[in-house]
Structure formats: structure tokens, C-alpha cells
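Asks: Right, I'll just put the structure down here and ask away after.
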Amino acid sequence: MPEARIITTNRAGIIWSGITWCSLLLVIPAGIAGMMMQTLLPANLGYPQIDAAGVPRWLSLTVLATEIAVFAVPAIVCTLCNRKASRMGHPVNGAVAAGWGVFGLVAVIGVLLWFFG
């Protein structure tokens with residue numbers, strides 16, 4: 001009978017802490033999706049750029065809200081992975097802080113640019 005490898009709670013906690021850090025890589029596709037929203041949505045509706053004259057207010061708000069929502073996904077996924085790692089004794093609070101920090105930075109810059117840009 002071959003030996004079966006048993007994953008202990010400690011090892012599973014280490015794996016989940018690694019998954020938590022790797023989930024921060026979701027910021028890369030979130031950034032690409034945010035850039036696509038800024039360029040493709042106005043272009044598909046007949047406007048050259050999001051900051052061009054004559055772009056409706058609803059379109060600017062839609063792009064801003066979508067970009068903020070897209071950057072919330074990595075922070076939420078990171079938080080959920082950290083919850084699982086914490087239950088197993090390996091909390092990774094730095095990764096969660098980094099995820100929410102990136103989300104906050106993007107949200108603040110987006111709102112500031114929308115109001116003053």
C-alpha cells in the first residue's frame with residue numbers, strides 16, 4: 001500500500017498564506033481592465049477619449065465606478081484568502097493591507113481626477 005501524504009493544518013495554513021500573497025497579482029488584470037474601460041467604452045460609443053468635450057456625465061461616472069469596482073476585486077479576494085489562512089494560524093495582514101491600500105489609492109486618484117481633472 002503506497003504512502004498517502006497528509007497535509008497538516010500547519011502546511012495548509014502556509015499554503016493559504018502563499019495564496020493570499022499571490023492573489024495580489026490580480027491587481028495586474030484589474031489595471032488592464034481599468035485602462036480598457038477608459039479607452040474602449042468611450043471609443044465604442046463614438047467619443048475619442050473619456051476627457052474629450054461633449055462626453056456625457058453618465059459615461060464618465062460609469063467608467064469611474066467600474067474602475068473602482070474592478071480594483072476592489074483583488075482586495076476582497078485577498079481578504080477572503082487571509083481569513084482562511086488566519087483560521088489555520090498563518091495570518092497575512094500585510095497582504096490585505098497592501099490590497100486595500102491599492103484600492104484606496106486608485107479610488108482617491110480616480111475621484112480626484114474626475115472632480116478636478
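The values are calculated or read from the model by the stated rules, or taken from the named source; none is laboratory data. Keep in mind it's a predicted model, so treat the numbers as computed, not measured. Glycine gets a Cβ as well: all are built from the backbone with ideal geometry, and neighbour counts include every protein chain shown. Accessible surface areas use protein heavy atoms only, side chains included; no ligands, DNA or RNA. Shrake-Rupley method; radii C 1.70, N 1.55, O 1.52, S 1.80 Å.
Asks: Could you identify the single residue in 63, 70 that is open to solvent by less than 60 Å² (accessible area, probe 1.4 Å), in contact (Cβ under 8 Å) with a residue 24 or more places away in the chain and more than 15 Å from residue 113 (Cβ to Cβ)? Reasoning before the result, please.
Replies: Values: 63 fails: more than 15 Å from residue 113 (Cβ to Cβ).
None of the other options fit; the residue is 70.
Asks: Going through the stretch 4-44 one residue at a time, which ones are in a helix (DSSP H, G or I) and hydroxyl-bearing (Ser, Thr, Tyr)? Steps first, answer last, please.
Replies: At the first step, the residues of the stretch 4-44 found to be in a helix (DSSP H, G or I) are 9-44.
Hits for the stretch 4-44 are 9, 17, 20, 23, 39.
Asks: With the condition kept exactly as written, say whether any residue in the stretch 100-108 is open to solvent by 50 Å² or more (accessible area, probe 1.4 Å) and farther than 30 Å from residue 12 by Cα.
Replies: Checking the stretch 100-108: at least one residue is open to solvent by 50 Å² or more (accessible area, probe 1.4 Å) and farther than 30 Å from residue 12 by Cα.
Asks: Okay, moving on. Regarding residue 50, is this residue farther than 16 Å from residue 101 by Cβ, modelled with pLDDT of 90 or more and among the β-branched types (Val, Ile, Thr)?
Replies: Details: farther than 16 Å from residue 101 by Cβ: yes; modelled with pLDDT of 90 or more: no; among the β-branched types (Val, Ile, Thr): yes.
So residue 50 does not fit the description; no.
Asks: Okay, moving on. What residue, of 31, 89, 46, is open to solvent by 40 Å² or more (accessible area, probe 1.4 Å) and either of a type in the set (A, V, I, L, M) or out of contact with any Gly (no Cβ under 6 Å at 6 or more places or on another chain) (or both)? Step through it out loud before you land on a result.
Replies: On the way: 31 fails: open to solvent by 40 Å² or more (accessible area, probe 1.4 Å); 89 fails: either of a type in the set (A, V, I, L, M) or out of contact with any Gly (no Cβ under 6 Å at 6 or more places or on another chain) (or both).
The unique qualifying residue is 46.
Asks: Collect the residues in the stretch 88-117 that are assigned to a helix (DSSP H, G or I) and in contact with a Ser or Thr (Cβ under 9 Å, 6 or more places away or on another chain), keeping them in residue-number order. Give the derivation first.
Replies: From the stretch 88-117, those assigned to a helix (DSSP H, G or I) are 93-116; that's our starting set.
The answer is 93, 95, 96, 99, 100, 114.
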